[in-house]
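> I'd like to ask some things about the structure below.
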Amino acid sequence: MNYNEGDNISDLSDMCEAISVMLINKEKPDICIYEDCKQKALYNYCHIHKPDFCHNHKMSNMIDKRICNYIRCAFHAIYNYPNQKHPVFCHGHKEVYMINIKKNK
Ligand SMILES: [Zn+2]
Ligand SMILES: [Zn+2]
């Protein structure tokens, strides 16, 4: 994400709205995108919210997308908006309207 001068980056609700739009635009099965790989995708670069690579094919600078997206938070992500499939925040960092995605399976 790029922040311009004067942007209010502490406005978390704006940020979450942007995240949810990104997630809607990237609706695909959670399978590794490496050629012929059928493993579950769990990893991606920190600025991409959807996992695209399995454990075997992740790059060294990719992170586990099951971890909360909040900066420097290391808890497992389990919350997102009800219409989303991929959890993006832990219990401590979830937004008001986010629900436990894991529990609803
Ligand atoms: Zn793979
Ligand atoms: Zn967190």
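The values are calculated or read from the model by the stated rules, or taken from the named source; none is laboratory data. The structure presented is a predicted model; accordingly, all values stated were derived computationally and were not measured. As a convention, Cβ positions derive from the backbone with ideal geometry for all residues, glycine included, and neighbour counts pool all protein chains shown.
> Do you know which residues across segment 76-105 are closer than 20 Å to I31 by Cα and either of a type in the set (S, T, Y) or in contact with a Leu (Cβ under 6 Å, 6 or more places away or on another chain) (or both)?
Residue satisfying the conditions is Q84 alone.
> Only one of (1) surrounded by fewer than 15 Cβ atoms within 10 Å (Cβ to Cβ); (2) modelled with pLDDT under 85 fails for K40. Which number is that?
Result: K40 passes all but (2).
> What tally of residues in segment 40-51 results from selecting those that are part of a loop (DSSP other than H, G, I, E, B) and either touching a His at 6+ places or on another chain (Cβ under 7 Å) or more than 9 Å from ligand 1 (Cβ to nearest atom) (or both)?
8
> Taking segment 52-75, which residues are in contact with a Leu (Cβ under 7 Å, 6 or more places away or on another chain) and assigned to a loop (DSSP other than H, G, I, E, B)?
Across segment 52-75, the qualifying residues are C54, H55, K65, R66.
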